[in-house]
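A short reminder: the numbers here are calculations on the coordinates, not readings from a lab. The structure presented is a predicted model; accordingly, all values stated were derived computationally and were not measured. Ideal geometry is used to build each Cβ from the backbone, glycine not excepted, and the neighbour counts take in all protein chains shown.
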Amino acid sequence: MTITANWSYPTAIRFGAGRIAEIADACAAAGIKKPLLVTDRGLAEMEITTRTLDLLEEAGLGRAIFADVDPNPNEKNAAAGVRAFKDGGHDGVIAFGGGSGLDLGKLVAFLAGQTRPLWDFEDIGDWWTRADADAIAPIVAVPTTAGTGSEVGRASVITNSQTAQKKIIFHPKFLPSVVICDPELTVGMPQVITAGTGLDAFAHCVEAFCSPHYHPMSQGMALEGMRLVKDYLPRAYADGTDLEARAHMMSAAAMGATAFQKGLGAIHALSHPIGAIYHTHHGTTNAVCMPAVLQFNKPAVEHVLGRAADYLGIEGGFDGFCGYVDGLNAQLGIPKNLRGLGIETPDIDRIVEGALSDPSTGGNPVKMTAQNTRALLLEIV
């Protein structure tokens with residue numbers, strides 16, 4: 001048998017409590033002298049953000065911030081961010097926040113030097129080669145949640161506001177030059193965000209572990225990422241000041257996002273169009289979809305998740321693993337269905353169409369069709 005694959009893990013991460021103090025040095029390491037800090041509106045006035053801006057100003061790097069970022073960032077946010085980057089004469093980006101701030105920040109650094117429109121760089125075939133790689137500005141990433149893992153990713157998820165579709169924009173140089181993972185920055189997350197982002201990390205690990213593609217390094221990382229979530233997400237949820245739990249969850253988030261180079265699947269294929277159309281929280285939507293998707297994939301993953309259950313100390317193999325997921329969702333206050341997310345009359349046809357066109361379908365261990373995807377979606381309505 002001939003096995004071929006493309007693997008990538010080169011991320012420089014400064015991990016540990018208090019390491020946001022190194023933000024100026026991180027910019028220097030990335031070659032940034034005049035950074036634009038990109039974050040979301042909710043973080044713009046928070047103490048962790050103003051403190052970071054203070055550190056930049058004290059180091060002579062200014063205190064420029066762009067925060068016109070929606071929870072599901074779109075091309076309008078990107079255009080405004082690029083204008084702010086160019087108008088301010090910036091030479092690099094600090095992508096700061098959860099998935100929205102990180103994704104939009106990376107995209108601003110990417111787009112600022114390009115001449116082609118955003119959607120020309122969608123993750124289709126070799127479209128990423130259309131970009132002028134030398135014109136991509138350097139990026140320092142600072143996550144303030146523990147879920148998306150965008151700080152170690154080579155892509156951004158951006159919503160097309162005209163079509164209400166989430167698109168993946170990819171380029172190898174989306175990968176930040178330096179990452180600062182400081183668990184102190186996550187202490188202020190409310191319980192609902194701790195739960196949603198933590199289960200996003202878990203979904204990344206589960207889907208990567210179940211993907212049929214060949215990537216044994218990702219397989220190991222996904223398995224240990226699941227263990228960290230199992231051991232530490234309930235602690236972080238119960239006590240937001242538990243710095244040890246917060247630190248391990250930051251590790252799990254980065255591990256999940258690195259692992260899903262191996263592939264994602266139906267959880268994300270459903271979650272992406274649901275989030276794009278109804279503006280639900282991504283990680284929470286993943287958690288709602290997960291139990292039904294596990295059963296959908298049972299014929300292909302029963303033995304795979306049985307091995308995971310053994311490693312995680314869960315009795316009962318596949319069924320025990322599914323029972324654990326159900327219990328964790330309940331413990332963390334996750335709704336059982338889309339109605340619990342406020343979606344009373346979902347557009348089934350539109351969601352199914354979006355799911356089948358989502359790149360995540362390619363990593364699902366059971367082939368997704370219009371018929372079985374519709375039946376799957378009806379399980380979570």
Can you figure out the FRET efficiency of GLN191 with GLU344, using R₀ = 25 Å and their beta-carbon distance, to the nearest 0.05?
0.50
Fluctuation leader among ALA29, ALA109, ALA300 - the chain, Gaussian network, Cα springs under 10 angstrom:
ALA29
Give me the number: length gained by fully extending ALA17 to ARG41, i.e. 0.36 nm times residue separation minus the C-alpha to C-alpha distance, one decimal in nm.
6.2 nm
Once Lys and Arg get +1 and Asp and Glu get -1 on their Cβ, which of ASN286, ALA79, MET368 lies farthest toward the positive end of the dipole of the chain?
MET368
Dipole magnitude of the chain about its Cα centre (Cβ charges: Lys, Arg +1; Asp, Glu -1), debye to nearest 20:
500 debye
Global form of region 7-91, assessed from the alpha-carbon gyration tensor, a/c cut-off 1.5
rounded
Amide H contacts under 5 Å for PHE66, placed H, 5+ residues apart:
LEU37, VAL38, THR39
Using the charge dipole of region 214-297 (Lys, Arg: +1 at Cβ; Asp, Glu: -1 at Cβ; taken about the Cα centre), state which of LEU228, ALA276, ALA245 has its Cα farthest towards the positive end.
ALA276
DSSP bridge pairs, region 82-188: antiparallel proportion in percent, nearest 5:
50 percent
In the chain, whole DSSP H helices that both stretch 30 Å or further along their axis by alpha carbon positions and average at least -0.5 on the Kyte-Doolittle scale are 216-238
Compute, for region 88-176, the length of the dipole vector about the Cα centre, with Cβ point charges of +1 (Lys, Arg) and -1 (Asp, Glu) only. Units Debye, rounded to 20.
160 debye
For region 165-225 and region 307-375, compute the distance between their C-alpha centroids and round to whole Å.
17 Å
If you restrict to DSSP beta bridges whose two residues both lie in the chain, what percentage is antiparallel, to the nearest 5?
30 percent
Cα→Cβ-extended label distance, 7 Å offset, between LYS34 and GLN371, nm:
6.1 nm
Once ARG130 and THR50 are pulled to full extension, the length gained, defined as 0.36 nm per residue separation minus their Cα-Cα distance, is 25.1 nm
